[in-house]
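The values are calculated or read from the model by the stated rules, or taken from the named source; none is laboratory data. In this text, all values refer to a predicted model and were calculated from it rather than measured experimentally. A quick note on method: Cβ atoms are made from the backbone with ideal geometry, for glycine too, and the neighbour counts reach across all protein chains shown.
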Amino acid sequence: MTSTKSLPLGSEERAAGNGLISRRWLLRTGLPAVGALGLSSEMSRAEELRVPDWSSTPGLDLTSYGQPSPFENEVVRPTLPLFPEGIGDGSGVSFTPLEKLAGTITPNGLFFERHHSGIPEIAPEEHRLAIHGLVERPLVFTVEALLRYPMVTRTCFIECAGNSLFNSMDEPQQRTAGEIHGLIGNAEWTGVSLAHLLNEAGVSPSAKWLVAEGGDAAKMSRSIPIEKVIDGDAFIALYQNGERIRPEQGYPMRLVLPGWQGSMNVKWLRRIKVVSAPVHTKDETSKYTLLQKDGKSRQFTYEMGVKSVITSPSPGREPGAQGLYQISGLAWSGAGRVTKVEVSADGGSSWAEALIPDQTPARALTRFQLPWVWQGQSATLMSRATDETGAVQPTREAWYEPYAPNQLFHQNAIQAWAVSSSGGISNVYV
Ligand SMILES: Nc1nc2c(c(=O)[nH]1)N[C@H]1C(S)=C(S)[C@@H](COP(=O)(O)O)O[C@H]1N2
Ligand SMILES: [Mo]
């Protein structure tokens, strides 16, 4: 067990209350001598580096598609079907296990899922994408044809508008970071610019909106203002982290609208109709509207707000022995780059800036980190992100202000984790 007395840290390295250490300490070239942090143990002279069996006999054979280590078989997506077993319409969600991952890329097999009617089994050679409506030349594309277009590659997140909805409930739900905030995934997508294809079809001057429709039984359909495509960064993804997009993510193709709510990123994309006005589909009237206090609903709320969550420590990632830990988590914004992440260990009384990369990516996950000394004190850990537009992640109270009770969508309030003196962690509202 290490106490702060043995940590070679001066008072200038204390960045905020309750054990937070300056991020500048992380930028130093050498950390203090081995052992001084209490994280490693000094090798005794008598001790020998053991030669276990696996080091002395040949290992397993080659594999045609690699799988994670069997020792990691608990790193899975928690699933939440929306209807009891037996109804089997495939509707539900599974969560990215955020607290079990590092870095910023979501592995394909752990990317969250939200299906309104299950995963269609699409034979790629039979799939077609149509672009029609207010165009000079209605076009139809095979997968084969799309694969011959110039490709764009970009990393961005997709976040469900219902992500973090458990924190809209009256009582804090005791779930993991992933089970609360894991309706988000971040991937390097490769595909064809939609502006490119619209150009080829020849968009008529009266065209103002698009309607994107999926090829599943739910036929997810969303109206999209044409500027997001013409001046923006919309594309049709065919690849996800280097391999062909997974069935769960829309195989053989999905629409990606970086930074916009998940449901706009239509999977199993089969049709884009160019129109003059939004068409008010079932998916933008009966769902995905935000009921306000005044009884009016906000419709077409595209952009996902600035947000962050501490993934470690967090429920399931409790500190063990006392001593040094790294507070680590994810931050993002649908409006652009994250410019600052602050961390508090005392429930928001004092804040310290966390370490983030110099160049954070726009509309993609950013990893933040800050050292913390835990000596068995109770603590309330929080993180607060700011983006390049100056938007700051709100408190839960401020977030709720405009909305009617039980409004669940676009929950981006600050998450607080209470650490007890025994090291247990719970979800709390502050
Ligand atoms: N065709 C179709 N597209 C869809 C959906 C769907 O059910 N059908 N779900 C939407 C919702 S609500 C979200 S949050 C994202 C989820 O994407 P993912 O399953 O790849 O994580 O896809 C969107 N696109
Ligand atoms: Mo969603």
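Condition check ((1) of a type outside the set (D, E, K, R); (2) modelled with pLDDT of 95 or more; (3) under 21 Å from Leu257 (Cα atoms)) across all residues:
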residue	(1), (2), (3)
Tyr288	yes, no, yes
Arg298	no, no, yes
Glu303	no, yes, yes
Thr311	yes, yes, no
Arg317	no, yes, no
Leu330	yes, yes, yes
Gly336	yes, yes, yes
Thr339	yes, yes, no
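Scanning segment 240-268 for residues that are basic (Lys, Arg) and in contact (Cβ under 8 Å) with a residue 12 or more places away in the chain, which turns out farthest from Glu121 (Cα to Cα)?
Here is the first cut: in segment 240-268, the residues basic (Lys, Arg) are 244, 246, 254, 267.
Retained after the next criterion (residues that are in contact (Cβ under 8 Å) with a residue 12 or more places away in the chain): 246, 254, 267.
Details: Arg246: 11, Arg254: 14, Lys267: 12 Å.
Applying the filter and picking the extreme gives Arg254.
With (1) within 16 Å of ligand 1 (Cβ to nearest atom); (2) assigned to a strand (DSSP E or B) as the list, and Ala217 as the residue in question, which single condition is left unmet?
Every condition holds for Ala217 apart from (2).
Applying the selection to segment 151-165, what residues are in a loop (DSSP other than H, G, I, E, B) and hydroxyl-bearing (Ser, Thr, Tyr)?
From segment 151-165, those in a loop (DSSP other than H, G, I, E, B) are 151, 160-164; that's our starting set.
Once the filter is applied, which keeps residues that are in a loop (DSSP other than H, G, I, E, B) and hydroxyl-bearing (Ser, Thr, Tyr), segment 151-165 yields only Ser164.
Of all residues in segment 166-214, how many are within 16 Å of ligand 1 (Cβ to nearest atom), part of a helix (DSSP H, G or I) and within 17 Å of Ser276 (Cβ to Cβ)? Break it down into steps so the answer makes sense when it comes.
Our first condition is that a residue be within 16 Å of ligand 1 (Cβ to nearest atom); within segment 166-214, this holds for 166, 178-191, 194, 210-214.
Now restrict to residues that are part of a helix (DSSP H, G or I): 166, 178-181, 194.
Those left that are additionally within 17 Å of Ser276 (Cβ to Cβ): none.
Residues flagged as within 16 Å of ligand 1 (Cβ to nearest atom), part of a helix (DSSP H, G or I) and within 17 Å of Ser276 (Cβ to Cβ) within segment 166-214 amount to 0.
Check whether at least one residue in segment 141-148 is at pLDDT 95 or above and of a type in the set (Gly, Ala, Ser), and report yes or no. First the steps, then the outcome.
Here is the first cut: in segment 141-148, the ones at pLDDT 95 or above are 141-148.
Now drop any that are not of a type in the set (Gly, Ala, Ser), which leaves 145.
Yes, segment 141-148 contains at least one residue that is at pLDDT 95 or above and of a type in the set (Gly, Ala, Ser).
Condition check ((1) surrounded by fewer than 18 Cβ atoms within 10 Å (Cβ to Cβ); (2) outside the structural domain of Ala130 (by TED's automatic domain parsing); (3) touching a helix residue (DSSP H, G or I) at 6+ places or on another chain (Cβ under 7 Å); (4) not basic (Lys, Arg)) across all residues:
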| position | (1), (2), (3), (4) |
| --- | --- |
| Gly191 | no, no, no, yes |
| Leu198 | no, no, yes, yes |
| Val203 | no, no, no, yes |
| Arg254 | no, no, no, no |
| Gly262 | no, no, no, yes |
| Arg271 | no, no, no, no |
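Considering only segment 168-177, how many residues are away from ligand 2 (no atom under 16 Å from the Cβ) and either among the small types (Gly, Ala, Ser) or in contact with a strand residue (DSSP E or B) (Cβ under 8 Å, 6 or more places away or on another chain) (or both)? Before the answer, list the steps.
Going through segment 168-177, the residues away from ligand 2 (no atom under 16 Å from the Cβ) turn out to be 169-177.
Pick out the ones that are also either among the small types (Gly, Ala, Ser) or in contact with a strand residue (DSSP E or B) (Cβ under 8 Å, 6 or more places away or on another chain) (or both) and you get 172-175, 177.
Count: 5.
Taking segment 397-410 as the search range and keeping residues that are crowded, with 18+ Cβ neighbours inside 10 Å and out of contact with any Leu (no Cβ under 6 Å at 6 or more places or on another chain), which one is farthest from Asp294 (Cα to Cα)? If you could, list the steps in order and put the result at the bottom.
Going residue by residue through segment 397-410, those that are crowded, with 18+ Cβ neighbours inside 10 Å are 399, 403, 407, 409-410.
Narrowing further to those that are out of contact with any Leu (no Cβ under 6 Å at 6 or more places or on another chain): 399, 403, 410.
Working: Trp399: 16, Tyr403: 8, His410: 18 Å.
Only one residue fits best here, namely His410.
Given Ala123, Ala130, which one is more than 20 Å from Asn163 (Cα to Cα), more than 13 Å from ligand 1 (Cβ to nearest atom) and surrounded by 14 or more Cβ atoms within 10 Å (Cβ to Cβ)? Before you say what the answer is, go through the steps one by one.
Details: Ala123 fails: surrounded by 14 or more Cβ atoms within 10 Å (Cβ to Cβ).
Matching residue, one of Ala123, Ala130: Ala130.
Which of (1) closer than 23 Å to Val266 by Cα; (2) touching a helix residue (DSSP H, G or I) at 6+ places or on another chain (Cβ under 6 Å); (3) among the β-branched types (Val, Ile, Thr) does Val75 not meet, given it meets every other one?
Going through the list (1) closer than 23 Å to Val266 by Cα; (2) touching a helix residue (DSSP H, G or I) at 6+ places or on another chain (Cβ under 6 Å); (3) among the β-branched types (Val, Ile, Thr), Val75 breaks only (1).
Within segment 156-204, how many residues are within 14 Å of Gln411 (Cα to Cα) and touching a Gly at 6+ places or on another chain (Cβ under 7 Å)?
Total meeting the criteria: 4.
Would you mind stating whether Gly30 is at pLDDT 70 or above and either within 30 Å of Arg114 (Cβ to Cβ) or outside the structural domain of Gly347 (by TED's automatic domain parsing) (or both)? Explain how you work it out, then say what you get.
Values: at pLDDT 70 or above: no; either within 30 Å of Arg114 (Cβ to Cβ) or outside the structural domain of Gly347 (by TED's automatic domain parsing) (or both): yes.
So Gly30 fails the test.
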